[in-house]
1. What do you reckon, is B:Leu273 without any contact (Cβ under 8 Å) to a residue 40 or more places away in the chain and touching a Leu at 6+ places or on another chain (Cβ under 9 Å)?
2. For segment B:216-238, enumerate the residues that are facing another protein chain (nearest Cβ under 10 Å) and assigned to a loop (DSSP other than H, G, I, E, B).
3. What about B:Ser280, is it hydroxyl-bearing (Ser, Thr, Tyr) and crowded, with 24+ Cβ neighbours inside 10 Å?
4. I'm trying to understand the selection: among the residues of segment B:76-98, which are more than 16 Å from B:Val110 (Cβ to Cβ) and in contact with a His (Cβ under 8 Å, 6 or more places away or on another chain)?
5. Just to be sure, is B:Thr296 among the hydroxyl-bearing types (Ser, Thr, Tyr) and in contact with a helix residue (DSSP H, G or I) (Cβ under 9 Å, 6 or more places away or on another chain)?
6. Out of B:Leu84, B:Leu73, B:Leu105, B:Leu47, I need the residue that is within 30 Å of A:Phe239 (Cα to Cα), surrounded by 14 or more Cβ atoms within 10 Å (Cβ to Cβ) and among the aliphatic types (A, V, I, L, M). Which one?
7. Any idea which of A:Leu273, A:Leu353, A:Leu308 is within 11 Å of another protein chain (Cβ to nearest Cβ) and either more than 14 Å from the chain's Cα centre (by Cα) or at pLDDT 95 or above (or both)?
8. Picking from B:Arg13, B:Arg54, B:Arg86, which residue would you name as being in contact (Cβ under 8 Å) with a residue 40 or more places away in the chain and within 14 Å of another protein chain (Cβ to nearest Cβ)?
Amino acid sequence: MISRVLSARSRFDPIVLGSSLLLSALGILFVASTTAGGRLAGLAARQGIWVAVGLGLMLAAILFDYRTLLKVSFPIYCATLVPLLYLLFFGERIANVRSWIRIGGFQFQPAELAKIATALLLAYLFENEDDGRLRGAAFFKLGAIVGVPFLLVFLQPDLGLALTFLPLLGVGLYFGGLPLRGWIVLILLVAVVCGAAWFLLKDYQKQRIGTFLNPEHDVLGAGYQVRQSKIAVGSGGFFGKGFRSGTQSQLRFLPVQHTDFILAVISEEWGFLGVILVLGLFAALLLRALTLAQAARDRGGVFLVLALAGMIFFSVVINASMMIGLLPTTGIPLPLVSYGGSSIATTFLAIGLILGVEYRRFANA
Amino acid sequence: MLRVRENRRDLSRRIEIGRIVVGAVFALLAIAYWYVQIVRGEYYFTLSENNRLRSVKITAPRGYIFDRNGVALVENEPAYNLQLYRRETRDLEDSESFAVGVLRLPPEQVRARLERALKNPEFVAVPIAENLGIEEVASIEARSPEHPEFAISISQRRLYSHGVVAAHALGYLAEATVDQIKAPQSGYAPGDWIGQKGIEATYEPLLAGVNGERRVVVDSHGREIAEQGRTPAQPGQNLFTTLDLDLQRIAEDYFKERVGSVVAMDPKTGEILALVSSPSYDPNWFTRRVTEDEWTRLTTDPHHPLQNRAIQNAFSPGSTFKPFLAYGALAAGLVDPDARVFCPGYAEFYGRVFHCHNKNGHGWVNLRDAIKVSCDVYFYTLGRRLGIDRIAEISKSFGFGEPTGVDLQFEKAGLVPSEEWALTKRHARWYPSETISVAIGQGPVLVTTMQLARALSGLLENGRLPTPHLFLASQEARSGNRLRYKVETKPGTPLAADKLAIVKNGMWAVLNEPGGTAFGSRVRGVEAGGKTGTAQVVGKESGLAAKGAYADHAWFIGFAPVEDPQMVVAVFVENGGHGNLAAAPLAKALFEKRFGVPPPADTAAPGLLRASNAQPGSPR
């Protein structure tokens, strides 16, 4: 027992921890690259502070027994829904969306925290739902757990942010063991709902959805962003244009380049090598997380790691696809790298929980 | 605890699949990035370069135009233009009312230009007004803190230093037309100013130079960040014309109240010393953007001020045609210069009576005297003997019926009638009686002032027809290297000197012997020769009074000095009446100026140009 505590450092999984740290360092570096000298100067330092905060949260999450958290996951879940409800009624609109809470000089997206809480509650659900198959009751519980925060965020209305709750549903359904029959029913149901909604929607709403799905038609708005982003990525070539030498980013042709489009900046300045570095680090982190999930000592730990890794995976894939126009622009940041306090802090929190599951693999309850 | 582990087999399998899915998705992403960055990399790199690099034109300064003595005729001057930067404006309506109110600009103009500009990206400056006055510039500068969206740009504007003087020779600049922009290899863009007529058009490539280019790095707002390189503009070459501003001025003054044209030319080289077409226009109107009013006035004027009458309008040459026919007949051996014809004031040919301009008749006249007194009866007789086809042949040998090749656009060829012309073009047989009219320069024969000046040069220069030209030399603005015009002449049949002498003597007598048709315009200080002409607008038989628009056109052609002609002059005054009174005085003034004769004390003032008939007798 004592020996295990003493060897605790070795149980901080070096791959997950290392790739997270490297990614956040890359983030600070490129936030600095794109914001230096302008009115955004100083954002890199803020990003550094957020990373520090995130590391603190991570450490806390590692040291705090996740099983305790699972047990109180329902109250936590409910507590994080409160600010979402508050926002819906009293929220201040920032960029047309009520998804930010402003405290002092900082803005925070409570939805990010709600995601973590949802992941915890999901893990708690499957801790007790230890059947190989996903049964009806569990299925509906899962739907409710993910559905409520999704709806609240969707009504803000921040579709992009709301979508980031969906990987939790996916993780629950897949790893929970939804049978093939269930998948077919689910897909048919979604198709019918979408079809019905299409008929009920007004023309301008359809048009908005059309633009969302096919932004190239909107040359000056979303289409402009995608085009400039593709130019930035493509023009980087294999080796890139060099740090701080990206013309697309340094001359501000890229939109929101330090947040959502930071991968385009890395692609332009460090080229394909930079992309491989970033994707490689994420792949290492996520594949390692899956290994850790397999090794987790209990079902709750397995599902907690899977849910958190699924969220990160989803964001990375959506964001990376967005840069080259494979998916529409939705405002989903690149975890650990993009500028943004809530995203950084909660991702580190998630990493901390993943590491915590590993940390307590051999601990006795 | 054991139970948990047992139930994990399914979950473990799903995680294995999850691992494959994660690996596959990342591999696919890497492939997608490979495609964008490596396969399509060059394409996107070009796009990113286009994004950040803009080419800004450096307009080449246009070459100046000088007269033969180096007096500037056309220069450039700075012009102040008002531009609006849309991205700097807080409220476009407010900007608009500022422009309209403070600058007193026409609201429609401002509105129209703004609307046209809305299609362009925001960083492109919208031209609002050109050629602002210095007070307007000051009032905009004073209010620039409130209206940072307005900027004054300075451009080069063409300045025709002497206004209407030599307008038709110089031409004018105007914005390139759609056709000019679309012409192959034009290289012109909308808004470019190009030479539209005259020298400005003929020597456009020389004068325009080659525009340069700055390659600048811009940010996404179009703001210039840095300059990456530049190709300097090659300034246009300066152009020295053959014009002599002093002579040109005299000619312009003469035509202030008259309609017509004059060409003064060096008969040896074809250098045009003066060229006037009247009425004229001020080419500066065009560079200041012609207002609609001015444009209507220019285009609806019945006298067509934009037309260059010296090359574009052809009229019957009248009696100025006679010396050419006289020489032609002599050279062909068809006439004995001493043989005399009796002129009773009229003669009958082909059953029709043809009158001489002198109703009382000239009595017995030989060829020389027939030129001197311009006896129609003598030339009727000569014409009958020559026949129309020989007349056509003689005319063509002096360059009538073809463009002179002058370095100006839109030159007319005139008309030399012949039997063949009558059949193929007029579709009516040639009547021999028509030949009688053509023999005194009436009827269908049509010539331009330029053609007459060139023909006279040919007569004086042993048949060699010079190509009239305005280009004397060009000069590179940087190096100062000059390029001179290579004189071109059309070699003619060498003339018989003895026969030519008779014609020249007759032309000398026109001015210098009492009884000569232009004796009143005798040139002091230099021996000059010439010939008057009167082109009938209506036939004498028509019964219409030869006044106003029906008044005869006056011609005069002259040369000096007689022994070695240095300058020929052809004057045409529309509805001017008799050549002696309406046209010859200008030639006299030009000769006297050219050959340095000080004006006599009593006529030094404005009366200079109105040559008095009361000249003392011939000094000869």
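1. For B:Leu273, the condition - without any contact (Cβ under 8 Å) to a residue 40 or more places away in the chain and touching a Leu at 6+ places or on another chain (Cβ under 9 Å) - is not met.
2. B:Asp219, B:Ser220, B:His221, B:Arg223 - these are the residues of segment B:216-238 that are facing another protein chain (nearest Cβ under 10 Å) and assigned to a loop (DSSP other than H, G, I, E, B).
3. Details: hydroxyl-bearing (Ser, Thr, Tyr): yes; crowded, with 24+ Cβ neighbours inside 10 Å: no.
Answer is no for this residue.
4. To start, the set of residues in segment B:76-98 that are more than 16 Å from B:Val110 (Cβ to Cβ) comprises B:76-80, B:87-88, B:90.
Answer for segment B:76-98, where residues must be more than 16 Å from B:Val110 (Cβ to Cβ) and in contact with a His (Cβ under 8 Å, 6 or more places away or on another chain): just B:Arg87.
5. no
6. Going through B:Leu84, B:Leu73, B:Leu105, B:Leu47 in turn, the sole match is B:Leu47.
7. A:Leu273
8. Working: B:Arg13 fails: in contact (Cβ under 8 Å) with a residue 40 or more places away in the chain; B:Arg86 fails: within 14 Å of another protein chain (Cβ to nearest Cβ).
Testing whether each residue is in contact (Cβ under 8 Å) with a residue 40 or more places away in the chain and within 14 Å of another protein chain (Cβ to nearest Cβ) leaves just B:Arg54.
The values are calculated or read from the model by the stated rules, or taken from the named source; none is laboratory data. What you see is a predicted model; the values in this text were computed from it and never measured. Cβ: placed from backbone, ideal geometry, glycine included. Neighbour counts: every protein chain shown.
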